[in-house]
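Reading through the structure tokens given below for one structure.
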Amino acid sequence: MTEAAFIRDRTNFDPDGRRRDLNYPELPEPLEVGTYDNHTHLEIADGENPMDYREHLELAEKAGILGAVQVGVTLESSRWSAAVAAKEPRLLAAVAIHPNEAPKYETLAALDEAIQGIAELATQPRVRAIGETGLDYFRTEGDSNFALQQHSFEEHIRIAKENNIAMQIHDRDAHDDVVKTLLRVGAPERTVFHCYSGDAELAQICMDHGWYLSFAGNITIKRNQHLRDSLKMVPRELILVETDAPFLTPEPFRGRPNSPYLIPVTVRFMAAQLEMDANDLAGQLTRNTEAVYGSWSEGI
């Protein structure tokens, strides 16, 4: 795969079948204090004019973004993520088989072969997280498929702990089983709930165990009061911010292509919810992100 390649195109229609606005939003006012996007997918093509990962990062720099974690969801995209991070100082990599990808292997032997590929990538110095991994009961059905997801999740946890790197959790409609798994097998020291989707009960569990809550642009959507309530109750030392680009674009740009350069929109929204100065929150987010993933300047 070339460095400019894209794994897949994002659909041009929203879940209701309406055509999306495919224009990237304008560059927001830059942050005065820089911070990071701790979860993005720059390999996915989106927009009227899809951008190369370098174009995304150049715009992000203009917006005051210091760097990003490029996240794999398949063995192929994980290899791409690790290769790009190895030479791009603005990127670190996370590698994993996404929970919705695990059942596609159909057999445990085939899945384990792919997971072994993830384990090999995890030893690279610029790979700082295993993710995204976890459980997804929204798109998966059938006991055999659930079993493959669960096996994959536990193997990814093992790899993260063996390499002493962070883990990014994908948790969709599976809060209870994700928590039960983490408590049963033991969570990695630095565990992040990517695109946090829980309520106050899950937030309290995360607080009790020192797990990080990473908030994306969907915290700005009116109906998601449970996300704002969770943000307000957890210690600021456990908060991270992400885009999950090209998905989850914050209001007022919902449905349009997302990119790390839009992090300031979400940071300013979160700061308002916390009644904080945006610069103070950005500084806290920077310290938190570096505590989870380490320095962006090392290993290149």
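Of note:
- Within a Gaussian network of the chain (alpha carbon springs, distance under 10 Å), most fluctuating of Y212, Y137, Y196: Y137
- Spacing of the two label points (7 Å from each Cα toward its C-beta) at E189 and R287, in nm: 1.9 nm
- Taking the Cα centre of the chain as reference, the dipole from Cβ charges on Lys and Arg (+1) and Asp and Glu (-1) amounts to some 260 debye.
- The listed peptides 103-112, 70-79, ordered by packing as a protection proxy, come out as 70-79, 103-112 (highest mean of other Cβ atoms within 10 Å first).
- Simple spin-label estimate for S144 and H209 in nanometres, 7 Å along Cα-Cβ: 3.0 nm
- Charge context of L248, other residues only, Cβ under 10 angstrom, K/R +1, D/E -1: -1
- Per residue, the solvent-accessible area of the chain (1.4 Å probe, heavy atoms of protein chains only, all protein chains present) comes to 42 Å².
- Of the whole protein surface, R190 contributes about 40 Å² of accessible area at a 1.4 Å probe radius.
- Value of relative contact order over the chain, rounded to a whole percent, pairs C-alpha under 8 Å and six or more apart: 21 percent
- Look at the dipole of the chain built from charges on Cβ: of P264, M276, H226, the Cα furthest out on the positive end belongs to M276.
- Computed over the chain, the P(r) tail beyond 30 angstrom holds 25 percent of alpha carbon pairs.
- Here the contact order of the stretch 39-107, divided by its residue count and restricted to Cα pairs under 8 Å and six or more residues apart, works out to 28 percent.
- Only alpha carbons enter this Debye calculation for the stretch 129-175, each as an equal point scatterer, and the log10 of I(q)/I(0) it gives at q = 0.16, 0.22, 0.28, 0.32 Å⁻¹ is -0.42, -0.72, -0.99, -1.14.
- Residues whose amide H comes within less than 5 Å of that of T249, counting only those at least five positions distant or on another chain, are G255 (H built at 1.01 Å from N in the peptide plane).
- Qualifying aspartates and glutamates (Cα of each under 17 Å from Cα of K180; at least 8 residues distant if same chain): D136, E154, E155, D171, E189, D199, E201, D208
- Sequence-separation-based contact order of the stretch 134-292, relative, with Cα cut under 8 Å and 6+ spacing, percent: 16 percent
- Our summary of shape: the Cα atoms of the stretch 121-259 have principal axis extents of 40, 36, 30 Å, ordered from largest down, in whole angstrom.
- Furthest towards positive pole of dipole, G117, N100, V69, structure part the stretch 44-151, Cβ charges: V69
- Based on Cα atoms of the stretch 179-255, Rg over Rh with Rh as the Kirkwood radius reads 0.99.
The values are calculated or read from the model by the stated rules, or taken from the named source; none is laboratory data. Everything numeric here is computed off the predicted structure, so don't read it as measured data. Counting neighbours? That spans all protein chains shown, and the Cβs are built from the backbone with ideal geometry, glycine included. In case anyone asks, the SASA skips ligands and DNA or RNA and just uses the protein heavy atoms, side chains included. Shrake-Rupley method; radii C 1.70, N 1.55, O 1.52, S 1.80 Å.
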